[in-house]
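What follows is calculated from the coordinates using simple rules that are stated; it is not laboratory data. These numbers were taken from a predicted model, which means no experiment stands behind them.
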Amino acid sequence: MTALVRVSDDLLLAAQSGDRHALTQLLVALQPDIRRYARRHCHRTSVIEDVVQEALIVVYRRVGTIRSPAALAGWLLTVIARLCMLPALMLMRGVEELASLEESRELAKVPPDELRMDLVNAIESLSPSHREVLLLRDLEDLTIGEIAGRLGVTREAAKSRLRRARTLVREYLLGTKDSGREST
């Protein structure tokens, strides 16, 4: 998507001030662009409608944090790009296999919206090789053999990268990893 529908300053300010009618108009105006961008950005077509709905919810909840109509487009594109990565949350087998009951309790305390954003940040913090193997396995549901073939590595190397990527995501989510990008 090259540009979002131009949202007037007045409409955005009215929506930010709590005008329900203006907020509804804003959501209606943005929906076609959100859908078009989600179609281009999401790897799986089955999640597009979910991404559109989630993006509209984010706009509804966070409209007050948008600095200006000029900043709206960039902010919304970032939200959509992150939402397109969220199906990994549902498919990540490594996070489901937490090492202890205490880790499960810690993650259960985190509100779902925060956990989703934390997961996106955790995935973004991975090195490109770890991120790729994690997304191939848990998002595209490829087998280890298929991943190895696609990456041009041995099955053992693919398993090792996947195990390491899941460990790094778990550490990030549990706050045991230093902040910043993971190297290698």
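How far, in nm, would the chain grow between residue 62 and residue 50 when pulled straight, counting 0.36 nm per residue and subtracting the alpha carbon separation? Write down the numbers at each step before the final one.
Values: separation 12, 0.36 × 12 = 4.32 nm, distance 1.80 nm.
Length difference between fully extended and current span is 2.5 nm.
Derived scalar couplings between HN and Hα for segment 119-136 equal 5, 4, 5, 5, 5, 5, 6, 6, 5, x, 5, 6, 4, 4, 5, 5, 5, 5 Hz in order, rounded to whole Hz, by the Karplus curve 6.51 cos²θ - 1.76 cosθ + 1.60 (θ = phi - 60°), x for Gly and Pro. Across segment 60-74, rounded Karplus estimates of 3J(HN,Hα) from the backbone phi angles (6.51 cos²θ - 1.76 cosθ + 1.60, θ = phi - 60°) give 4, 6, 10, 4, x, 8, 6, 5, 6, x, 5, 7, 4, 4, x Hz, Gly and Pro being marked x.
Amide H contacts under 5 Å for residue 127: 182, restricted to partners 5 or more places along the chain or on a different chain, H placed in the peptide plane at 1.01 Å from N.
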